[in-house]
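Input: a single structure, listed below in structure tokens.
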């Protein structure tokens, strides 16, 4: 899917804000070379740079890259599943991006190669059972009308056990990973969330343009009883996977 940086900043500013804990775990230091994998609009990349590190943001989306460049950051277009760096970074950081990369084994191997010996890998992304209610509701509505629910994409929401095993196989040591349930307010409701995080999915699922508003309204009606509180505030059923791992140092 393609992203729109302006829409993201309008409806999803909470994503980098909630990444602050992972950034604290990274604890960037002056002079370090750090790769921000899936940097998006650069909100957290800028904070890494403010700590005095030499940071490179990597993201495949042109709109997000332009927004990051507008912050004065050094960024490159690239796919986290096809990293070509060799022992280039003291640390690799990623927030809210890893679950968008279906080939998780390729990401783990690429990050391992990109790190210098002793380098660390720190981040947070969607974990097992992330947005389970949202996904179930959307799929139910699409299936009820004969549309292709498989068009929702190939997001990967790992368990900690799967993450640890995958990264052990890639060569990492000192791996820690845990799930963090995080019910998250949606300032723009489920409609804003869908427009931001599933842009174009209705068309991909085969929904005609003149039927899209009705389908979104039905999704909203299905999810409202379980994802709104007594004041009508929408809450996303987020579950985050937070991790840290290390590439062994020179012996």
Task: Whole-number percent relative contact order across the stretch 5-246, with pairs defined as alpha carbons under 8 Å at least 6 apart - done: 21 percent
- [ ] Give me the orientation-averaged projected area of the Cα convex hull of the chain, in nm², one decimal.
- [x] 13.5 nm²
TODO: With no solvent and one equal point scatterer placed on each C-alpha of the stretch 170-225, evaluate the Debye formula and give log10 I(q)/I(0) for q = 0.21, 0.27 Å⁻¹, two decimals.
DONE: -0.85, -1.19
Task: Within the chain, helix-based [θ] at 222 nm, where runs of 4 or more DSSP H residues each add -39,500 (n - 2.57), nearest 500 - done: -11500 deg cm²/dmol
TODO: Pop a pseudo-label 7 angstrom from the Cα along the beta-carbon direction at both residue 228 and residue 29 and give the gap in nm to one decimal.
DONE: 5.1 nm
Open item on the list: Give me P(r) over the stretch 139-251, computed from all C-alpha to C-alpha distances, binned every 10 Å, as integer percentages.
Closed with: 12, 31, 27, 19, 9, 2, 0
- [ ] Compute log10 of I(q)/I(0) for the stretch 30-148 with the Debye formula, placing one identical point scatterer on every Cα and leaving out solvent, at q = 0.21 Å⁻¹, to two decimals.
- [x] -1.12
Open item on the list: Taking every DSSP beta bridge with both residues inside the chain, roughly what % is antiparallel (nearest 5)?
Closed with: 50 percent
Task: Separation of alpha-carbon centers, the stretch 117-175 and the stretch 25-56, rounded to whole Å - done: 24 Å
TODO: Measure off 7 Å from each Cα along the Cα-to-Cβ vector at residue 76 and residue 191, then give the distance between these two points in nanometres to one decimal.
DONE: 4.2 nm
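The numbers here are math on the coordinates, done by the rules we state, and not lab data. None of these values were measured; they are calculated from a predicted model. Cβ sites come from the backbone with ideal geometry, for glycine too, and all protein chains shown count toward neighbours.
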